[in-house]
Structures are given as structure tokens and as C-alpha cells.
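Structure first, commentary second.
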Amino acid sequence: MTRRNLAYTLFDTALGRCAIAWSERGIARIQFPDASDAKAVRRLAMDDELELAEPPPVIAHAIDQLRRHLAGAPQDFRDLPLDFGNVAGFHLRVYQGARKVPAGRTISYGELASRIGAPGAARAVGQALGKNPLPIVVPCHRVLAANGKVGGFSAYGGVHTKRRILAVEGVEL
């Protein structure tokens, strides 16, 4: 993996204080609220270098969309520029497939696997979504286990956070 230099900022939402990192190509990572800002920034960085910066207009627009979405006004994030960095192959296909699931809808891990041409790979889809660098924008929270069960969620707060985001989007579990 190539180490990257990314800019980042923290911002407040109805869910709590989030963080976003970006490159010249687009949004590289989003971090949900964590136990502290410092911990959120460490998770956001992963193996990359981060520098606190004022967001350029396209990132400021994304932050505004994220705030509105988490406050209960679902947004369509498909127009935002994304920088998937080192993400390739199967994981990239999973993220691209998940981006096609609109707010207010859910699908199963198995259904997403079939949609991306990997029937029978539901578990691998779940593992890829567990590493999603762009939650909300790549709506991994809209992918559920079989029979509509909530499944897992790797963000701080786990399944409680997943349920909360889905409720904002009008999904009752």
C-alpha cells in the first residue's frame, strides 16, 4: 500500500463529531464519532499522513450534505468526488454496488454479492463493507443480513449507530 498525504477536518453532526479526509482527487475517508477527537483522527489516518486543513468548496459541500443527511434530510452522495486510494478489485466493486442502494432502501449482503457478479460471496461482501473507508457516502449501513436482520457495523457505536442512521433514512427494522 502506498502511503498518502491527506488533508482533514472535524465537524459536528446530529450523530456527533465526525471527521473527513481528502486528497486532490476527492474524499478519501469519513470517520464517525469516536470516544475522542484524537481517537477519531487516529482511525481516520490509518497508515496515511494527515494535515488539519480548511476544507475546499467541494469538501465543504460534502460536509454540509453529511450534516443534513444525519439530521434527517436524506441526501444523494453519488455526485461527490471520491478517492478510493488503494482500494481495488472486489472491495471496489462492493463499494460501487453499495452506492447504488438509495436512501430508504436496504438489501442483503447476498443480494449485493449477486448484483456485483459474485453470487455466494455474502460473507466476503460483509468483510469488505466492514473496511469501508467512506461510510454514509458508500452506504454500507443499508446492507443487512439475511431475513432483514441488522447484521454488523464497524463504526463506533456498532449496530446502534447503524440503526440510528437507517431510522434517519426512514427505514424501520
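When you check G85 against the structure, is it out of contact with any His (no Cβ under 9 Å at 6 or more places or on another chain) and part of a loop (DSSP other than H, G, I, E, B), yes or no? Criteria met by G85.
From the list A45, A28, A40, A35, the lone residue that is at pLDDT 95 or above and either over 20 Å from V137 (Cα atoms) or buried (at least 16 other Cβ atoms within 10 Å of the Cβ) (or both) is A28.
Among the residues making up the range 56-77, those that are part of a loop (DSSP other than H, G, I, E, B) and surrounded by 17 or more Cβ atoms within 10 Å (Cβ to Cβ) are Q75, F77. So which residues in the range 148-173 are without any contact (Cβ under 8 Å) to a residue 24 or more places away in the chain and surrounded by fewer than 19 Cβ atoms within 10 Å (Cβ to Cβ)? Selection gives K149, V150, G158, V159, H160, R163, A167, E172. Number of residues in the range 19-43 that are among the basic types (K, R) and in contact (Cβ under 8 Å) with a residue 40 or more places away in the chain equals 2.
Can you find a residue that is outside any helix (DSSP H, G or I), surrounded by 15 or more Cβ atoms within 10 Å (Cβ to Cβ) and under 16 Å from the mean Cα position of the chain (by Cα) anywhere in the range 93-102? Yes, the range 93-102 contains a residue that is outside any helix (DSSP H, G or I), surrounded by 15 or more Cβ atoms within 10 Å (Cβ to Cβ) and under 16 Å from the mean Cα position of the chain (by Cα).
The values are calculated or read from the model by the stated rules, or taken from the named source; none is laboratory data. What you are looking at is a predicted structure, and each value in this text was computed from that prediction instead of being measured. Cβ coordinates were reconstructed from backbone atoms using ideal geometry, including for glycine residues, and neighbour counts include every protein chain displayed.
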